[in-house]
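Notes for the one structure printed next.
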Amino acid sequence: GAVVSQHPSRVICKSGTSVKIECRSLDFQATTMFWYRQFPKQSLMLMATSNEGSKATYEQGVEKDKFLINHASLTLSTLTVTSAHPEDSSFYICSAGGGAGETQYFGPGTRLLVL
Amino acid sequence: AQSVTQLDSHVSVSEGTPVLLRCNYSSSYSPSLFWYVQHPNKGLQLLLKYTSAATLVKGINGFEAEFKKSETSFHLTKPSAHMSDAAEYFCVVSDLGNNDMRFGAGTRLTVKP
């Protein structure tokens, strides 16, 4: 089946630094990938839609200058949390898959802790 | 825009008894509906999906769900709970008109011995 990986699985950083999270589709190509954020004991919230070769589409309330998304190839999307602060600490999950209404395959998530 | 409501934040059942996790959806188009399971410290796993074919959908691990348009529901059921079913379950809707998925708040299933 389709596999999506994320790297790193866990990262701890100091406040003010930037952190890059990678999302890869290992055995299929994905023109669209999604980035979610999950707070403890809460549901996943869609942050943005990453489109290969074009700008990402951000959900309302998500700062595009804070969460930089780059989808440079059909198998890789990156999320960079710039100038991270403790309130950015969360579980970040990406997904990739088919078109509208199709199954999305989720990465294992990246746990970010900002000190 | 599409949305889902999971009616129970926590469901507790005894091992061997039936499981019912409730989900209602709202959609402007013909929806695709999914149930995902998230075990502690693990990624999301697809249990089953409905995409306008048969209204009764069978998934993995003995789970199934029935799409009822008249009730805008997509409840998840299993005849007999197993200890390994204890996890967080998410109902998800995706409109055919767009590409993104909207998650419900999740239902935590506890299975007692």
- Query: Looking at (1) more than 22 Å from residue B:49 (Cα to Cα); (2) open to solvent by 70 Å² or more (accessible area, probe 1.4 Å); (3) free of Cβ contacts under 8 Å to residues at least 40 places away in the same chain; (4) of a type in the set (D, E, K, R), which is the only condition residue A:20 fails?
  - Reply: (3)
- Which listed residue, of B:90, B:103, is within 14 Å of chain A (Cβ to nearest Cβ), touching a residue at least 40 places away in the same chain (Cβ under 8 Å) and in contact with a Cys (Cβ under 8 Å, 6 or more places away or on another chain): B:103
- Subset of segment B:73-113 [assigned to a strand (DSSP E or B), among the small types (Gly, Ala, Ser) and within 18 Å of residue B:13 (Cβ to Cβ)]: B:87
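To keep it simple, each residue is scored yes or no on (1) surrounded by 18 or more Cβ atoms within 10 Å (Cβ to Cβ); (2) without any contact (Cβ under 8 Å) to a residue 24 or more places away in the chain; (3) more than 30 Å from residue B:87 (Cβ to Cβ); (4) among the β-branched types (Val, Ile, Thr).
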| site | (1), (2), (3), (4) |
| --- | --- |
| A:6 | yes, no, no, no |
| A:35 | yes, no, no, no |
| A:51 | no, yes, yes, no |
| A:68 | no, yes, yes, no |
| A:73 | no, yes, yes, no |
| A:78 | yes, no, no, yes |
| A:88 | yes, no, no, no |
- For segment B:13-60 the number of residues that are in a strand (DSSP E or B) and not polar (S, T, N, Q) is 21
- Query: What number of residues in segment A:8-17 are within 11 Å of chain B (Cβ to nearest Cβ) and either part of a strand (DSSP E or B) or surrounded by 18 or more Cβ atoms within 10 Å (Cβ to Cβ) (or both)?
  - Reply: 1
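The values are calculated or read from the model by the stated rules, or taken from the named source; none is laboratory data. Computed from a prediction, not measured in an experiment: that's the story for all the values here. Positions of Cβ are backbone-derived with ideal geometry, glycine not excepted, and every protein chain shown enters the neighbour counts. Side chains are part of the model used for accessible areas, which takes the heavy atoms of the whole protein and leaves out ligands, DNA and RNA. Shrake-Rupley method; radii C 1.70, N 1.55, O 1.52, S 1.80 Å.
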